[in-house]
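Q: First, the structure itself, so that you have it in front of you.
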Amino acid sequence: MNRKLVPHHSHWGAFNAVVEDGKVVGAVPFDFDPDPSPLIEAIPDSVHSPLRIARPMVRAGWLKASGLKEGRANGAGRGREPFVPVDWEQALEAVAGELATTASGRL
């Protein structure tokens, strides 16, 4: 078994994730935290929850309309369309494109 402590921080505070064979199995408070949150005990369950979104997702209609290349998708299907998985490269390209659009004022 390969076990290690991985320093981390969340809105619950600083802690060391206990990782065994690539899976988070526990969390221990940061040594110098005078009042560690007991909520860090939920870290393993939250990391490995079946409800966790494991990869980037994009609304299907937005993906189709934008093609993640050019054009401007509208919000017509927002709240009614499914989300589809995309790889990290596509997700980062989409975010960068939307930020550039927002920064340029072309909304």
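Rule-based calculations on the coordinates, nothing more; no lab input. Nothing here was measured: the structure is a model prediction, and the numbers come from that model. Here the Cβ is made from the backbone with ideal geometry for all residues, glycine too, and neighbour counts use every protein chain on show.
Q: Considering all projection directions equally, how large on average is the shadow of the alpha-carbon convex hull of the stretch 3-47, in square nanometres?
A: 2.8 nm²
Q: What are the chymotrypsin sites (Phe, Trp or Tyr not before Pro) within the stretch 4-44 that DSSP puts in a loop, where the Cβ has at most 10 other Cβ atoms within 10 Å?
A: PHE32
Q: Oh, and also: If you plug each phi of the stretch 32-42 into the Karplus form 6.51 cos²θ - 1.76 cosθ + 1.60 with θ = phi - 60°, what whole-Hz ³J(HN,Hα) values come out, in order, with x for Gly and Pro?
A: 9, 7, x, 8, x, 6, x, 5, 5, 5, 7
Q: Another question, then. Return the single residue from PRO44, PRO36, PRO56 with maximal mean-square fluctuation; model: Gaussian network over the chain, springs between Cα atoms under 10 Å.
A: PRO36
Q: Taking every pair of alpha-carbon atoms in the chain, what share in percent sits in each 5 Å bin, from 0 to the bin with the longest distance?
A: 2, 11, 15, 14, 11, 10, 11, 12, 9, 4, 0
Q: Putting +1 on Lys and Arg Cβ atoms and -1 on Asp and Glu Cβ atoms, find which of PHE32, ASN16, LEU99 reaches farthest to the positive end of the dipole of the chain.
A: Positive-most Cα among the choices belongs to LEU99.
Q: Follow-up question, since we're still on this one. Rounded to the nearest 500, what is the 222 nm mean residue ellipticity of the chain from helices alone, with -39500 (n - 2.57) per DSSP H run of 4+ residues and division by all residues?
A: -8000 deg cm²/dmol, from helical runs alone.
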